[in-house]
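For reference, the structure is listed below as structure tokens.
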Amino acid sequence: MSRFTLPRDIYHGKGCLAELKNLKGKKAFLVVGGGSMKRQGFLDKAVNYLKEGGMEVEVFEGVEPDPSVETVMKGAEAMRAFQPDWIVSMGGGSPIDAAKAMWAFYEYPDTTFEDLCIPFNFPELRQKAKFAAIPSTSGTATEVTAFSVITNYQTGVKYPLADFNITPDVAIVDPDLVAGLPAKQVAYTGMDALTHAIEAYVSTLHGPFTNPLALQAIEMVFDYLPASYNGNMDAREQMHYAQCLAGMAFSNALLGIVHSMAHKTGAAFSTGHIPHGCANAIYLPYVIQYNAHVPTAMRDYAEIARRMGLPGTSEQALVNSLCEKINDFNRRLNIPKTLKEFGIDEEEFKSKLPKIAELAVGDACTGSNPRPITPAEMEKLLTCTYYGTEVDF
Ligand code: FE
């Protein structure tokens, strides 16, 4: 048995933020991040639309990037005091992820993060409130997914939460909110979306319900990402939809080891954080080479290339074309080809490699990768991404 879950309503189009006034309820608890939505006037707009629809509104501001357990608990407590029947979250991934966890603790104050961390183990939500999500970046697609990541800063542990209960009821995908994104963020989040779609298309759980979404997302990223990066707002709009389609695919088909590697290397080095989408963009072609040693994955990557009209007749030639297309995108988006080029110190990389490899193999995304991987193989694969060498194992 497989399950395929999406929000009941996905509003999309310029200005669709106004749909907030049609939510039916009494009290809306609005969760936002650090201030960009406020500065650009979208927070005021959202509050006014909700009030126009007859709702009382409380705003919870200041959710940090990589939201903390404390923020979640503070938000849940404020929800319990206010008793909303709608939770509305607006911003990059973080405020939406935080609001999803607040929702669980609002409805079930006695639950624990340890309970929620067991995949697909959430208590039945929607006893008190429904959930609407409004993304202001074009990458994570948390507005349509069953996932949230919360960080415990005391222990350094990230809690990846996964359950269809936290798939939002309503997603509002308004391209006006991403018009002001910096080019670098357009590049990184766009490559994150491409990675979501490609990993979802080859995952062990992919199938007839997720494949069309993944393929459509890949096609749109190939068509629109460079123009969006160069400031074309029509392309920016299409990228906002493409990342959402990719999210609909990977929320149901899950991901693979590109994400395992990005999760465990993102904050591992003293030279600085590797942004999530940038890490994915670097690792993706290497992982395709690694996975393509398995015939089913080879066939699926070749099918992507064939559907996208990339050159080649043999499966191997098509897979090579797909990797070349991704390398070409990375060059055009000014994304480095290796971790070395990104600026990771060689000695630090070598000394931390065994631990990182072990952690990456244990990541939640490894289980749905089409080819299994051992810690020793993961060390070799990460080493290829450091020096830019061929993956021949
Ligand atoms: Fe991602």
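The values are calculated or read from the model by the stated rules, or taken from the named source; none is laboratory data. Everything quoted here is computed from the prediction, not taken from an experiment. Neighbour counts run over all protein chains shown; Cβ positions are idealised from the backbone, glycine included. These accessible areas exclude ligands, DNA and RNA; they are computed on the full protein's heavy atoms, side chains included. Shrake-Rupley method; radii C 1.70, N 1.55, O 1.52, S 1.80 Å.
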Virtual spin-label span in nm between residue 358 and residue 376, 7 Å along Cα→Cβ: 1.6 nm
Taking the Cα atoms of the stretch 281-393, report the difference between the largest and smallest coordinate on each principal axis, in whole Å and largest first. 42, 31, 23
Using only Cα atoms, find the angle between the long axis of helix 315-332 and the longest principal axis of the chain, and express it within 0 to 90 degrees, rounded to the nearest 10. 60 degrees
Karplus ³J(HN,Hα) for the stretch 74-81 (6.51 cos²θ - 1.76 cosθ + 1.60, θ = phi - 60°; Hz, whole; x = Gly/Pro) runs 4, x, 5, 5, 5, 5, 5, 6
Per residue, how much accessible area does the chain have with a 1.4 Å probe, in Å²? 40 Å²
³J(HN,Hα) computed for each position of the stretch 258-275 - Karplus, 6.51 cos²θ - 1.76 cosθ + 1.60, integer Hz, glycine/proline x: 4, 5, 4, 5, 5, 4, 8, 9, x, 10, 8, 10, 6, 6, x, 5, 9, x
Which residues does the label zone of residue 4 cover in the stretch 177-219, counting backbone N under 12 Å from a point 7 Å along Cα→Cβ? 206-214
Grab the beta carbon distance between residue 334 and residue 118, set R0 = 25 Å, and tell me the FRET efficiency rounded to 0.05. 0.05
Computed helical MRE - 222 nm, the chain, DSSP H runs ≥ 4 contributing -39500 (n - 2.57), nearest 500: -16000 deg cm²/dmol
Please list, ordered by chain and number, the residues whose modelled amide H lies under 5 Å from the amide H of residue 161; skip anything fewer than 5 residues away on the same chain. 148, 149, 150
Give the lysines whose C-alpha is closer than 18 Å to that of residue 380, dropping any in the same chain fewer than 8 places away, or say none. 264, 337, 340, 350, 352, 355
Do any chymotrypsin sites (Phe, Trp or Tyr not before Pro) in the stretch 39-127 lie in a loop, going by DSSP, with at most 11 other beta-carbon atoms within 10 Å of their beta carbon, and if so which? 120
So in the chain, what percent of DSSP beta bridges are antiparallel if you round to the nearest 5? 20 percent
Please determine, in degrees from 0 to 90 and to the nearest 10, the orientation of helix 346-361 with respect to the longest principal axis defined by the Cα atoms of the chain, where the helix direction is its Cα long axis. 70 degrees
Leaving out same-chain residues fewer than 8 places away, which lysines sit with a Cα under 25 Å from that of residue 130? 14, 21, 24, 26, 27, 38, 45, 51, 74, 100
So the carbon and sulfur contribution to the accessible area of the chain, 1.4 Å probe, in percent, is 52 percent
What percent do you get for the relative contact order of the stretch 115-202 when only Cα pairs under 8 Å and 6+ apart count? 34 percent
Whole-Hz couplings from phi, Karplus 6.51/-1.76/1.60, listed for the stretch 381-386; x for Gly and Pro: 5, 5, 5, 4, 6, 6
Mean separation of Cα contacts under 8 Å (6+ apart) over length of the stretch 42-132, as relative contact order %: 29 percent
